[in-house]
Amino acid sequence: MKTIAVLTYNQKHRKTYDTLCLLKAKGYSNVRVFGQPMTYRKKRYPLIEHRPEQNMLIPEPEELCSNFGFEFIEGKFEDTITDKSVTYLLCGAGLLENEFVKCHRIINAHPGYSPHARGLDAYKWSLYYRLPLGVTTHFLGDYIDAGEIIEQRQIGIKGYDTFHSVAQRIYENEIDMLVSAIELVDKKHTFVVPVSNIVFKRMPPILEEKLFETFEKYKEEVLKQGV
C-alpha cells in the first residue's frame, strides 16, 4: 500500500483529527503525519463561526498517531521532509514556502467551488455573491485555490437546511474528498485558471451581521430554480 503523508500542526487540530480517523476507518496503515508549530494566529474572530470547534477533547497528535499505528514526525517541514515522491495531504500548516510547494505534490481541500470562490470564508462569500456552493480538491501551485483540480462537488440546499447545516455538509465533504483524493492522484485532472484576481479575505462584521438573512435569500432563490 502506498505511503500517505499528512501535513499539519503539532497540536490538537479538528480537521487533522477527522482526516486521520477517516484514513484509519478506510484501512490506510502506512501513514506519516508531519506536525510543525502553529505560528498563525487569527487577528480577529468572526461573529458567526461556520467551521467546527478546534479545541475539542481529543488526543494530542502524537498520542492519536500512536493509537492508530501512524508515524508522527514533529518539526518544521523544511527540516523533516525529504521525500519528494510522496503525495501530501494538507490538513493545516499556515503559509507554506513557495520553494517547498514547488518541490512536493501537496493536495488541498478548499471549502469553495473553484474558481468562483477562492480564499477565506468561501462559503460566506458564495452566499453573499450568489456563487455556487461546493468543495474543491486540488494540487497546490501557482494559483490560490485553483490550478490542477482533482475533484469538485457542488453542495445543494434543501428546504429544511439552515446556515450551519450547509456549513457542516461542506466540511464533511471536505474531509471525505481530501481522503478520496489519494485514489484520484493518478487520474486525469482538469486545470482551472482563475477568471479574476479576486481572492477573498475574512468577511467583515458589517456583512456577517446579515449573514443568516443572506442565507435565507440564497436558499429561496435556489429552491425556486429547483437546483
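The values are calculated or read from the model by the stated rules, or taken from the named source; none is laboratory data. Predicted model only: the values in this text are computed from it and were never measured. Glycine also receives a Cβ, built like all others from the backbone with ideal geometry; neighbour counts cover every protein chain displayed. Accessible surface areas use protein heavy atoms only, side chains included; no ligands, DNA or RNA. Shrake-Rupley method; radii C 1.70, N 1.55, O 1.52, S 1.80 Å.
Using the Kyte-Doolittle scale, find the helices of the chain whose mean hydropathy is at least -1.0 and whose Cα atoms extend 20 Å or more along the helix's long axis, counting only whole DSSP H runs.
Long hydrophobic helices here: 163-180, 211-225.
For region 120-227, just say rounded, prolate or oblate: build the C-alpha gyration tensor, square-root its eigenvalues into a ≥ b ≥ c, call rounded for a/c under 1.5, and beyond that prolate if a/b exceeds b/c, oblate if not. Judged from the Cα gyration tensor, region 120-227 comes out prolate (a/c at least 1.5, a/b above b/c). Here the spin labels are modelled as points 7 Å beyond Cα on the Cα-Cβ line, and at HIS189 and GLU213 they lie 4.2 nm apart. Around the amide H of GLU148, modelled in the peptide plane, lie the amide H atoms of PHE139, VAL192, all under 5 Å away and 5 or more residues distant in sequence or on another chain.
Probing with 1.4 Å while keeping every protein chain in the model, the per residue accessible area of the chain equals 54 Å². Projecting label points 7 angstrom from Cα along Cα→Cβ for GLN154 and THR39 puts them 4.1 nm apart. Decide, for the chain, between rounded, prolate and oblate: order the square roots of the alpha carbon gyration tensor eigenvalues as a ≥ b ≥ c, take rounded if a/c falls under 1.5, and otherwise choose prolate if a/b is larger than b/c, else oblate. Verdict is prolate for the chain. Measuring nothing but protein heavy atoms, the accessible surface of the chain at 1.4 Å probe radius is 51 percent carbon and sulfur.
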